[in-house]
1. Percent relative contact order of the stretch 87-266, based on C-alpha pairs within less than 8 angstrom and at least six residues apart?
2. So how far apart, in nm, are the two label points at Ala187 and Thr31 if each is 7 Å from Cα heading toward Cβ?
3. Which percent of the accessible heavy-atom area of the stretch 87-266 goes to carbon and sulfur, probe 1.4 angstrom?
4. Want the number for Arg41 to Val167: 0.36 nm per residue separation, take away the alpha-carbon distance, what's left?
5. Need the C-alpha centroid separation for the stretch 48-66 versus the stretch 197-212, integer Å.
6. Give the calculated FRET efficiency between Ser158 and Phe265 to the nearest 0.05, with a Förster radius of 22 Å applied to their Cβ-Cβ distance.
7. Keeping all protein chains in position, work out how much accessible area Ile32 exposes to a 1.4 Å probe, and write it in Å² to the nearest 10.
8. Would you please give the FRET efficiency between Thr116 and Val175, computed as 1/(1 + (r/R0)^6) with r the Cβ-Cβ distance and R0 = 41 Å, to the nearest 0.05?
Amino acid sequence: MNSVGKSWLLLTGLIVFYIIYLLFGALVFSTIERPVEEQLRRDMDALKQEFLNQSCVSAASLENFLVRVLTANKYGVSALRNSSVTSNWDLASSMFFANTLVTTVGYGHTTPLSDTGKVFSIVYALIGVPFTMLVLTACVQRIMYPLVIAPVCLLQRSGLEPRPATVVHFLLLLVLVVLCFFLMPAAVFSAVEVSWSFLDGLYFSFISLCTIGLGDFVPGMQPRQKYRPLYQVAVMVYLFVGLMMMYLLLRTFHKMSDLHGLTSFLQLPRCEDSDMEEEREPIVHEDSRTANNVTEKAASKPLDPGSQPSYNTINKG
């Protein structure tokens with residue numbers, strides 16, 4: 001198997017292991033937190049019944065009731081009957097929580113109820129956050145050539161100079177990201193979430209993909225929502241791919257800044273060259289005979305990382 005196949009196999013293994021890691025976290029969180037949540041729900045039902053049985057409600061009893069209700073609501077347990085039907089710690093919801101934890105989005109709509117869950121959250125995030133960054137970086141490296149290197153090469157072939165070509169490409173990529181990961185998801189969220197407007201969906205997409213995660217809008221929290229587990233899995237996939245595209249966009253801007261001398265002007269570190277073997281077609285075109293020789297050599301032995309063409313091989317001329 002050649003090195004390109006090995007790299008794709010390694011990436012596939014990373015993604016599969018990442019999914020397994022999320023499932024493992026979901027199982028542990030569900031096992032730890034669901035019994036505690038059910039006990040809290042029973043306590044809330046008993047509290048409501050006790051409050052309703054009082055013939056005369058004093059200010060102190062009302063205040064105590066409200067404090068306990070608000071405390072339970074902070075942990076995702078509502079005193080309302082319709083809001084208490086669905087568990088916040090079933091497998092799909094636990095996996096959604098694990099995903100927001102390791103991607104650092106952290107909506108805060110659900111938090112661990114037990115001390116054991118809190119300790120496990122620390123350990124799980126300590127491993128999961130850097131592992132998520134590793135998987136995102138590996139994915140971005142694999143899509144750099146088809147989404148960045150090749151389009152810039154095509155723009156140069158159409159007659160654009162290197163620097164204008166990189167600007168045009170970045171603007172096109174920005175439009176693509178805004179359309180596919182902000183506007184279109186906002187329309188979907190506003191259609192699926194009854195109480196959300198298009199602006200709410202756009203706001204949620206921006207807050208999520210910037211990993212701000214305020215938690216004032218969280219998908220899949222409506223009572224008796226149809227296909228809720230499938231919907232939560234779809235949102236998890238959207239968050240992962242969206243974060244990957246945001247990272248790609250930032251990396252493309254960094255490389256464009258390198259080419260235009262902005263990073264040097266601001267005395268910032270240059271974006272490292274990508275060691276991707278897909279980047280075999282140089283952006284500055286060479287004689288076809290030379291390119292064929294390079295291809296034949298590449299098939300017989302691995303390329304030296306410094307000799308592989310990348311975004312930064314564009315002439316600054």
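The values are calculated or read from the model by the stated rules, or taken from the named source; none is laboratory data. These numbers were taken from a predicted model, which means no experiment stands behind them. Glycine gets a Cβ as well: all are built from the backbone with ideal geometry, and neighbour counts include every protein chain shown. When the accessible area is computed, the model is the full protein with side chains, heavy atoms only, and any ligands, DNA or RNA have been set aside. Shrake-Rupley method; radii C 1.70, N 1.55, O 1.52, S 1.80 Å.
1. 30 percent
2. With each label point 7 Å from Cα toward Cβ, the separation is 4.4 nm.
3. For the stretch 87-266, the apolar C and S fraction of the accessible surface comes to 76 percent.
4. 39.8 nm
5. 39 Å
6. About 0.15, to the nearest 0.05.
7. Here the residue's solvent-accessible area equals roughly 40 Å².
8. The computed FRET efficiency comes out at 0.30.
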